[in-house]
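**Student:** Here it is: the structure, laid out below.
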Amino acid sequence: MSVENEKEIQQLKNRIRELADKSYNQNQYTFTGFLGLAEQDALWQVEREVKFAGITLYGGREEAERKILRFGSEAELGYEQPFPICCIRIRPLSAKFADKLSHRDYLGALMNLGIERSTIGDILPGEGEAFLFCQDTIAEFICDNLEQIRHTHVRCEVVDAAAEVPQEEPVRQVIQVASPRVDAVISKVYNKSRSDCLELFRAGKVYVNGRLCENNSKSLEAGDVVNARGYGKFRISGEPHATRKGKLAIEAEVYP
């Protein structure tokens, strides 16, 4: 990690501590912006220091990768305050002449509006439309100003995520490995060499249950969620069981 990144992570840890203290001392909910996986890992590094304030992570949907951290709980504060998250549907004005847009295209157009990355959560490109999760304070600005992505003119509207956003359907895979080591499972799920997988660990791109995993020999269990940046995400959906040939059969739900 570069010195610059180390300084940013340290600043984030300090901010997390400040928000925890503020929530506890002033009896109110406090929120961060959207945190990526590396930023969420900063939370887990100081979890013991801040868990007294009540920790919840949410990104607008259960499968979200980018999430807002909230301090405070209904049990402690006596009321519930929802996360300040909106969902925006982005559609081309003319589907016939629309470009096929990628996640990078949407994100680039949003960043060109001059807004902070922390105000933007997951972006879910689909066939002819995309869904964007963002902070509610920025939703109106995006709807008013996001008019074109590449050569495609678009319109935006705030929608109910629960009703409108299609559920991601994972693809079920059953793989056979010698052991439930995370590097072996990643190698099989994505059909990559073990050396390619080791590069992911060296680059700090593997997260298990939202936490940076630097131990490539870590054993996976049922329910574990693995994010391999650049490859995708999968969940171990069943207990590993031995095959007749002495290997382990592991069922994984692989998300697109």
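The values are calculated or read from the model by the stated rules, or taken from the named source; none is laboratory data. As the structure is a prediction and not an experimental result, all values here were calculated from the model. Every residue, glycine among them, receives a Cβ derived from its backbone with ideal geometry; neighbour counts consider all protein chains shown. Just so you know, the surface numbers come from the protein's heavy atoms only, side chains and all, with ligands and any DNA or RNA stripped out. Shrake-Rupley method; radii C 1.70, N 1.55, O 1.52, S 1.80 Å.
**Student:** Run the dipole for the chain about the Cα centre, Lys and Arg Cβ at +1, Asp and Glu Cβ at -1, nothing else charged, and hand back the magnitude in debye, nearest 20.
**Tutor:** 1120 debye
**Student:** At a threshold of 8 angstrom on Cα-Cα distance, excluding pairs fewer than six apart, so keeping six or more, what relative contact order does the range 72-209 reach in percent?
**Tutor:** So the answer I get is 25 percent.
**Student:** In the chain, if the dipole is taken from +1 on Lys/Arg beta carbons and -1 on Asp/Glu beta carbons about the Cα centre, which of PRO180, ASN14, TYR207 is farthest to the positive end?
**Tutor:** In the chain, that residue is PRO180.
**Student:** Still on this structure, I have one more. Using a 10 angstrom cutoff on alpha carbons, build the Gaussian network for the chain and name the most mobile of LYS13, LYS188, LYS233.
**Tutor:** Result: LYS188 has the largest fluctuation of those listed.
**Student:** Is the C-alpha gyration tensor of the range 1-86 telling us rounded, prolate or oblate? Criteria: a/c under 1.5 is rounded; beyond that, a/b larger than b/c is prolate, otherwise oblate.
**Tutor:** oblate
**Student:** Any idea of ARG117's accessible area? Nearest 10 Å², probe 1.4 Å.
**Tutor:** Approximately 80 Å² for this residue.
**Student:** A further question on this structure: With an 8 Å cut-off on Cα pairs and a minimum separation of 6 or more residues, tell me the relative contact order of the chain in percent.
**Tutor:** 15 percent
**Student:** From the phi of every residue in the range 148-164, what ³J(HN,Hα) in whole Hz does the Karplus formula 6.51 cos²θ - 1.76 cosθ + 1.60 yield, where θ is phi - 60° and glycine or proline is x?
**Tutor:** 8, 10, 6, 9, 9, 7, 10, 10, 10, 8, 6, 10, 7, 4, 4, 8, 9
**Student:** Let me ask something additional. Give me the percent of the accessible area of the chain that comes from carbon and sulfur atoms, probe 1.4 Å, all protein chains in place.
**Tutor:** Answer for the chain: carbon and sulfur cover 44 percent of the accessible area.
**Student:** So what is the accessible area of the chain per residue, in Å², with the probe set to 1.4 Å?
**Tutor:** Ligands and nucleic acids excluded, the figure is 57 Å² per residue.
**Student:** Express as a percent, rounded to the nearest 5, the fraction of DSSP beta bridges in the range 85-164 (both residues included) that run antiparallel.
**Tutor:** 100 percent
**Student:** Could you tell me the relative contact order of the range 1-131? Use alpha-carbon pairs under 8 Å, at least six residues apart, and round to a whole percent.
**Tutor:** Working: 154 pairs, mean separation 31.4, N = 131.
Result for the range 1-131 is 24 percent.
**Student:** Say we join alpha carbon atoms closer than 10 Å with springs in a Gaussian network model of the chain; which of VAL46, VAL225, VAL171 then has the biggest fluctuation?
**Tutor:** Looking only at VAL46, VAL225, VAL171, the largest GNM fluctuation is found for VAL171.
**Student:** Then there's this: For a protection proxy built on the mean count of beta-carbon atoms within 10 angstrom, sort 67-76, 140-149, 237-246 highest first, please.
**Tutor:** 67-76, 140-149, 237-246
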